[in-house]
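The values are calculated or read from the model by the stated rules, or taken from the named source; none is laboratory data. Note that the structure is a prediction, hence the values are computed from the model and not measured. We place every Cβ from the backbone using ideal geometry, glycine too, and count neighbours over all the protein chains shown.
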Amino acid sequence: MDVSADDSLIVNNVVIDEEFGVFDGTQQPASTEALPDILKHFIQYFRARVNEKNVYDIHTIYETSFNKLTDRFFKSAPWPSAEVIAPLVENDTTFILLYKELYYRHIYSKVKPLTSEQRIGSWKNYCELFDLFLNRPSPLELELPVQWLWDMIDEFIYQFQSFCQHRCKLKNKSRDDIQILKDNPDVWDVRIVLRYLQSFVDKSDIVARLKQGNEYVGAGQAGIFGDSTLYKMLGYFSIIGLVRVHCLLGDYYLALKTLDPIDLTNKKSGLFTRVTACHITLYYYLGFCYLIVRRYADAIRTFSHILLYISRTEHHHTRSYQHEQIVKKNEQMYALLAVALTLHPQRLDDNIRSRLKEKYGDKMLRMQRGDKSVYQELFSYACPKFVTPAAPRYDEVPLLNYSQEALQLQLKLFMNEVNQQELLPTIRSYLKLYTTIPIAKLAQFLELDEDTFRTQLLCVKHKTNNLVWAEGAAHSGSSVAAADIDFFIDNDMIHIADTKIARRYGDYFIRLINKFDAICNELEGRPRR
């Protein structure tokens, strides 16, 4: 059903209904009868396809038709409420909950400012919808596109994050708004959010399914629910959702540990590749966790992989309704890559390096020269929007805003690490000039006393030994001296060894000669030698 093609109902972006006049989306219909025919037909068609479990048509409606109608009639106004459309769908509880999920998501996206009632209404709808999925002896007879299932989990976490920040902005809130927050302490409670996500993981038995692969044999309820695509994908996406929540709360090790069941080496057939936004979200939070726990080589590898993927598929993203979000995440990951590469210089793909130099070349030079304000700027721009899960003190006088406290704490911890590495680039540059040099002489170059300089040398050793992932769980890895130089101290003398492996130009040219020879043979029709 291509709702945009019905010219008899649409004239100059306005729906003409002979009986009920003009409907432009700015007013809310008070009853079902006040709805224009095109919306009635769309909602009834939508519900019929959901009941038929026609995933292909549901996907078209979800990604195309709903967005077309939104752009025409509801750019800055809510869709008709569930109460208005309920008679059209015969009070179908499942469909109404799904419709309200889209209804509130549209409000969060397009209707500003949000009211406390709308935030609470969306929370209650998610609770009802998730309880419908989870509190059952057998799987719900429902099939939805994987894109919608991912967006459902993604939006659930986004609204949790948005509410936590809203709750901490007390300065300009009215007494009525504060009273509403007081009266609803369980709304978007972090424990309930985590419980729902973990319940989807447990219900689908997705962890065992991923670990055992083709040998998986489900038992009892877990096996029944795990066989449903709906529950399997909700469980899988909830794992990535848990990673995101743990990262927002600042628990980076637990975020990495949560990813244990997902095989990150399977980049072509992994379930996360089925939804572009899921793929990008996974690698963004994975790379950020690696950066903060000082696993710079892994962070650079992670960001490089996903940025290459985005650059190779960017012509597809322009058609996606999430295009703006993908572009924003792309820019943020380039900023984080610039920070990681400054703290831990290493080789990069030429395409990524050229784009990085174009975007952040000047700022990388300033960071290399010790400009800490650039570190703060890039971190604040590119980091997740951290949240404080606990409610503030509503009775405090005067009322203050606490929404930036979580960010400031994470920024402080990150800058402590940057401060510890302040002299490392200078020390490395001096060490590259020598094969042996007395400690006293190098300390004099740096204008440091010998004891302080010895401490800095230990810091170089410590900071350049990182855990590097090779295979297996995301949090695993082996300790590797990842610097381009190595040294040891014998009495008061520093002995430097260049650990950089020289490029084997001979092999490179031989490989190109063989390729050229093969092309010539094919052009001449001769068999390859």
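Tabulated values for the structure
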| read-out | value |
| --- | --- |
| Search result, residues across region 311-341 that are at pLDDT 90 or above and buried (at least 17 other Cβ atoms within 10 Å of the Cβ) | 329, 330, 332, 333, 334, 335, 336, 337, 338, 339, 340, 341 |
| Unmet criterion (only one of (1) in the same structural domain as residue 291 (by TED's automatic domain parsing); (2) surrounded by 14 or more Cβ atoms within 10 Å (Cβ to Cβ)) for residue 459 | (1) |
| Cβ-Cβ under 8 Å pairs, at least 6 apart or on other chains, region 282-303 side within 13 Å of residue 345 (Cα to Cα), far side aromatic (Phe, Trp, Tyr) and surrounded by 23 or more Cβ atoms within 10 Å (Cβ to Cβ) | 296/290; 298/290; 299/288; 299/290 |
| In region 200-221, residue surrounded by the fewest Cβ atoms within 10 Å (Cβ to Cβ) [restricted to those that are in contact with a Phe, Trp or Tyr (Cβ under 9 Å, 6 or more places away or on another chain) and either among the hydrophobic types (A, V, I, L, M, F, W, C) or at pLDDT 95 or above (or both)] | 208 |
| Residue under evaluation residue 389, criteria (1) touching an Asp or Glu at 6+ places or on another chain (Cβ under 9 Å); (2) in a helix (DSSP H, G or I), criterion not met | (2) |
| Within region 427-484, strands (runs of 3 or more DSSP E) holding 1 or more residues that are touching a residue at least 40 places away in the same chain (Cβ under 8 Å) and over 16 Å from residue 496 (Cβ atoms) | 465-468, 478-481 |
| Count of region 115-138 residues which are farther than 22 Å from residue 62 by Cα and buried (at least 19 other Cβ atoms within 10 Å of the Cβ) | 2 |
| Any chance residue 308 is under 23 Å from the mean Cα position of the chain (by Cα) and surrounded by fewer than 17 Cβ atoms within 10 Å (Cβ to Cβ) | yes |
| Qualifying helices (runs of 4 or more DSSP H) (wholly inside region 272-371; at least 1 residues being under 20 Å from residue 241 (Cα atoms)) | 276-292, 296-317, 323-343 |
| Inter-residue pairs, beta-carbon under 7 Å, first under 21 Å from residue 48 (Cβ atoms) and in region 126-142, second of a type in the set (S, T, N, Q) and surrounded by 12 or more Cβ atoms within 10 Å (Cβ to Cβ), 6+ apart | 132/94; 142/94 |
| Number of the condition not met by residue 460 [criteria: (1) over 28 Å from residue 365 (Cβ atoms); (2) under 36 Å from the mean Cα position of the chain (by Cα)] | (1) |
| Qualifying residue in region 179-194 (condition: within 21 Å of residue 225 (Cα to Cα) and either of a type in the set (Asp, Glu) or in contact with a Leu (Cβ under 9 Å, 6 or more places away or on another chain) (or both)) | yes |
| Qualifying residue in region 232-243 (condition: crowded, with 23+ Cβ neighbours inside 10 Å, touching a Lys or Arg at 6+ places or on another chain (Cβ under 6 Å) and either at pLDDT 90 or above or among the hydroxyl-bearing types (Ser, Thr, Tyr) (or both)) | no |
| Candidate set: region 261-271, residues that are in contact with a helix residue (DSSP H, G or I) (Cβ under 8 Å, 6 or more places away or on another chain) and outside any helix (DSSP H, G or I); chosen: the one surrounded by the fewest Cβ atoms within 10 Å (Cβ to Cβ) | 267 |
| Given (1) of a type in the set (Ser, Thr, Tyr); (2) outside any loop (DSSP other than H, G, I, E, B); (3) touching a Leu at 6+ places or on another chain (Cβ under 7 Å), index of the condition residue 394 fails | (2) |
